[in-house]
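Structure first, commentary second.
The values are calculated or read from the model by the stated rules, or taken from the named source; none is laboratory data. Because the structure is predicted, anything quoted here is derived from the model rather than measured. Because the Cβ atoms are built from the backbone with ideal geometry, glycine has one as well, and the counts that use them run over all protein chains shown. Calculation scope for accessible area: heavy atoms of the full protein, side chains included, ligands and nucleic acids excluded. Shrake-Rupley method; radii C 1.70, N 1.55, O 1.52, S 1.80 Å.
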Amino acid sequence: MIRRPTRAMLAGELVLIAAAAALAGLREPFADWDLPLLGLLLALSIVSDLLKIEVRAYRVYASASFLAIVTGAVFLGGAPAAFIGVATILAVW
């Protein structure tokens, strides 16, 4: 039987995610936080993850959200791309 994580574990994970986001923001001074492009890539990533397709032969799901994250890494930098990835996971979860 699979159990849900405890509240303490979830709180700890949220603290670690917040700390990682703060550290990424401080350590990435060359990131280009172009908000229109960031918003567009974030929207494409979330919509792509919501419209994923099932590959029945391998019992996996495929989406194009990775393309939006990689495009964000190329044009915006590492921290904005990480933000796109984390926000996509949280939005679809």
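Positive contributions from Lys and Arg (+1) and negative ones from Asp and Glu (-1), summed over other residues with Cβ under 10 Å from the Cβ of Ala62, come out at 0. Tell me the carbon and sulfur percent of the accessible area for the chain, rounded to whole percent, probe radius 1.4 Å. Carbon and sulfur atoms account for 70 percent of the accessible area of the chain. Decide, for the chain, between rounded, prolate and oblate: order the square roots of the alpha carbon gyration tensor eigenvalues as a ≥ b ≥ c, take rounded if a/c falls under 1.5, and otherwise choose prolate if a/b is larger than b/c, else oblate. Note, shape of the chain comes out oblate.
Taking a sphere under 13 Å around the Cβ of Gly72 and counting the other residues whose Cβ falls inside, with K and R at +1 and D and E at -1, yields a net charge of -3.
The GNM of the chain, with springs linking C-alpha atoms under 10 angstrom apart, assigns the highest mean-square fluctuation among Ala20, Ala79, Ala57 to Ala57. A 1.4 Å probe run over the chain, with the rest of the protein chains in place, finds 79 Å² accessible per residue. Among Ala82, Ala24, Ala11, the largest mean-square fluctuation in a Gaussian network model of the chain, built with springs joining Cα atoms closer than 10 Å, belongs to Ala11. Highest mobility in the GNM of the chain, judged by mean-square fluctuation with C-alpha springs under 10 Å and restricted to Leu40, Leu14, Leu67, is found for Leu14.
Full extension of the segment from Ala43 to Leu10, taken as 0.36 nm per residue of separation minus the current Cα-Cα distance, would add 9.3 nm.
Helix screen, the chain: DSSP H segments with Cα axial length of 27 Å or more and mean Kyte-Doolittle hydropathy at least 1.0 are 7-27. Other residues lying with their Cβ under 11 Å from the Cβ of Val92 contribute a combined charge of 0, Lys and Arg counting +1, Asp and Glu -1.
Taking amide H as placed 1.01 Å from N in the peptide plane, Glu28 has no amide H partner under 5 Å among residues 5 or more places away or on another chain.
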